[in-house]
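Everything on this sheet refers to the single structure shown next.
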Amino acid sequence: QVHLVESGGGLVQPGGSLRLSCAASRSIFSIYRMGWYRQAPGKQRELVVTLTSGGSTNYADSVKDRLTISTDNSKNTVYLQINSLQPEDTAVYYCNAVTDGLLNWGQGTQVTVSS
């Protein structure tokens, strides 16, 4: 099992950028897959992007041209850089890790895009 803590959310104007962080309680090097999901008010949680330990990524089509997932193994942290934010990107963004057959979620970080 792994404990995940997201940070970096906030209020941003349309067209702006944010970098979200997901700090894991243990080395992410051995975690099978990590990723980001989001849930907008009144909607189901949806995939944003996943990254496997082998380096394979899976991006949601709606955001793939605007974001980058990266890792810092020395800090046990996964980052999500989102550019050209739009009001429809407003959601709670959750970090996710699949390891040892278990699905782990963070508590989420709120991203609000508004002028």
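The values are calculated or read from the model by the stated rules, or taken from the named source; none is laboratory data. Small disclaimer: the values here were computed from a predicted structure and weren't measured. Cβ coordinates were reconstructed from backbone atoms using ideal geometry, including for glycine residues, and neighbour counts include every protein chain displayed. Keep in mind that these areas ignore ligands, DNA and RNA; they rest on the heavy atoms of the full protein, side chains included. Shrake-Rupley method; radii C 1.70, N 1.55, O 1.52, S 1.80 Å.
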Next item on the list: Can you tell me how much longer the chain between GLN86 and HIS3 gets when fully stretched, taken as 0.36 nm per residue apart minus their C-alpha distance, in nm with one decimal?
Entry: 26.9 nm
Checklist line | Whole-percent carbon and sulfur share, accessible surface of the range 24-115, 1.4 Å | finding: 45
Margin query: Given a 1.4 angstrom probe, what's the average accessible area per residue across the range 46-115, in square angstrom?
Written below: 49
Check: Given the protein chains as shown and a 1.4 Å probe, how many square angstrom of ARG19 are accessible, to the nearest 10?
Finding: 130
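Using +1 on the beta carbon of Lys and Arg, -1 on that of Asp and Glu, and nothing else charged, what's the dipole of the range 9-92 about the Cα centre, debye to 20?
Dipole of the range 9-92, to the nearest 20 debye: 240 debye.
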Note to self: Which order do the peptides 101-109, 89-97 come out in when sorted by mean C-beta neighbours inside 10 angstrom, highest first?
What the structure shows: 89-97, 101-109
Check: What FRET efficiency do you get for ASP61 and GLN110 if R0 is 22 Å and r is their Cβ-Cβ distance, rounded to the nearest 0.05?
Finding: 0.40
Item checked: Calculated FRET value between LEU11 and ASP100, using beta carbons and R₀ = 35 Å, to 0.05 -> 0.45
Item checked: the range 32-74: chymotrypsin sites (Phe, Trp or Tyr not before Pro) in DSSP loop, at most 14 other beta carbons within 10 Å -> TYR32
Notebook entry, point to check: At a probe radius of 1.4 Å, what is the per-residue accessible area of ILE28, in Å² to the nearest 10?
Noted result: 10
Notebook entry, point to check: If ligands, DNA and RNA are left out, what is the accessible area of SER25 with a 1.4 Å probe, given in Å² to the nearest 10?
Noted result: 80
Next item on the list: Of the options THR68, THR112, TYR32, report the single residue whose Cα projects farthest towards the positive end of the charge dipole of the chain (beta-carbon charges: Lys, Arg +1; Asp, Glu -1).
Entry: TYR32
